[in-house]
2 protein chains.
Amino acid sequence: MAASTKDPRPCSIADALALVGEKYSLLVLREVCLGNGRFDQLVRNIGAPRDILATRLRRLVDAGILTKRVYSERPQRFEYRPTQAGLELEPVLLTLMAWGDRHLRPDDDRPMVVEHICGNEMLPVVTCAACGAPVHHEDLAAHPQTPGWTVTGPTAA
Amino acid sequence: MAASTKDPRPCSIADALALVGEKYSLLVLREVCLGNGRFDQLVRNIGAPRDILATRLRRLVDAGILTKRVYSERPQRFEYRPTQAGLELEPVLLTLMAWGDRHLRPDDDRPMVVEHICGNEMLPVVTCAACGAPVHHEDLAAHPQTPGWTVTGPTAA
DNA sequence: ACCGGTGAGTAGGAAATCCGAACTCACCAT
DNA sequence: ATGGTGAGTTCGGATTTCCTACTCACCGGT
């Protein structure tokens, strides 16, 4: 049935990246989460070509990650905003930003600091919903659900 | 000085994506974290063209995210493994996978389940390091550190 | 010694994407 | 009437990606 060559491991990471993994897509989401949802703001803040940006926006709207809302009839003007699904990607952005701050900037010149409502700077920590412990690679065991797709490493089934 | 057109917002998300945001890069990291670090395994499990994969691997090794280690001299064979920096990207993958499971698969056909050492299934939650609360968009305030780069939204400075 | 198989890539041309700049169209301001 | 803004679209050319095939080194069986 299915060909032997060319059907990669079924995976939600791959599926997610197929949607938001194209160049600029996650930066669009960043700006939109910051409240900068207008076309020309996006062009300036992201540095993307206008046609590519238009394509990305269409795709993200179609995927239900963004909505396009009119904020002015007569001159008709639009603004893009995150949907619930879009907002749920924000933790990914925050985690990625923290990683970049840690590994791509030796000194403390972080271009942006996020403040949490608790009054402190927000440093994201990924934890296990069940036990609350911060996630450590050694504490994980991956169980593929599709027959034929194994894992070989220390994280074997 | 700096040109008026074309210098996007300085941002660690953008920097991080410049490194690991190219097609397949994060899938390479996924496989490597699963312990499948050999070239042909990567080709099969990811479905990437061999030449592109070779390019990505070089880049990730150069960036200090992966290491290439010999696991057999005489037939010389290599295996790619995550460095500490690479492992610290795993939470990003887990969060992205959970998002994909939630939003891209209505029913419960998750292709992979991750088990935490606590005995339960690992569902990642991004929390604030300072207060431990799960991160909610409304609880965040972004403060750009570079003059001229503002945020307009509800998350204004 | 020969044959087939595996691992780790390279080579080459076709196909898809991306890019920058210019263009449109509708509206408002002076 | 002229200029400016917002939101795109259109264009040709540059850059990447893709796919298939090829290499090279080695191993295992007969």
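The table below lists the values:
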read-out	value
Segment A:46-94 - residue that is under 24 Å from B:S12 (Cβ atoms) and small (G, A, S) and, of those, surrounded by the most Cβ atoms within 10 Å (Cβ to Cβ)	A:G86
Restricting segment B:27-45 to residues that are within 13 Å of DNA strand D (Cβ to nearest atom) and modelled with pLDDT of 95 or more, the residue that is surrounded by the fewest Cβ atoms within 10 Å (Cβ to Cβ)	B:L27
Near pairs, Cβ below 9 angstrom, 6+ apart or cross-chain, from segment A:36-55 (free of Cβ contacts under 8 Å to residues at least 12 places away in the same chain and assigned by TED's automatic domain parsing to the domain that holds A:E22) to any residue that is of a type in the set (V, I, T) and more than 10 Å from DNA strand C (Cβ to nearest atom)	A:N36/B:T150; A:N36/B:V151; A:N36/B:T152; A:Q41/B:T152
Residue match in segment A:12-24 (condition: crowded, with 18+ Cβ neighbours inside 10 Å, more than 8 Å from DNA strand D (Cβ to nearest atom) and of a type in the set (F, W, Y))	yes
Residue under evaluation A:A141, criteria (1) in contact (Cβ under 8 Å) with a residue 24 or more places away in the chain; (2) not in a helix (DSSP H, G or I); (3) not aromatic (F, W, Y), criterion not met	(1)
Residue identified as within 21 Å of the chain's Cα centre (by Cα), surrounded by 14 or more Cβ atoms within 10 Å (Cβ to Cβ), within 23 Å of A:T83 (Cα to Cα) and not acidic (D, E) among B:M97, B:M122	B:M97
B:R74 being under 16 Å from B:V20 (Cα atoms) and either out of contact with any helix residue (DSSP H, G or I) (no Cβ under 9 Å at 6 or more places or on another chain) or of a type in the set (D, E, K, R) (or both)	no
Failed condition for B:K68, given (1) closer than 30 Å to A:Q145 by Cβ; (2) basic (K, R); (3) in contact with a strand residue (DSSP E or B) (Cβ under 9 Å, 6 or more places away or on another chain)	(1)
Contacts under 7 angstrom Cβ, first residue in segment A:1-12 being at pLDDT below 80, partner in a loop (DSSP other than H, G, I, E, B) and within 16 Å of DNA strand C (Cβ to nearest atom), 6 or more apart	A:K6/B:G47
Hits in segment A:72-82 - residues which are more than 7 Å from DNA strand D (Cβ to nearest atom) and under 12 Å from A:R38 (Cβ atoms)	A:S72, A:Y80, A:R81
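The values are calculated or read from the model by the stated rules, or taken from the named source; none is laboratory data. Everything numeric here is computed off the predicted structure, so don't read it as measured data. Ideal geometry is used to build each Cβ from the backbone, glycine not excepted, and the neighbour counts take in all protein chains shown.
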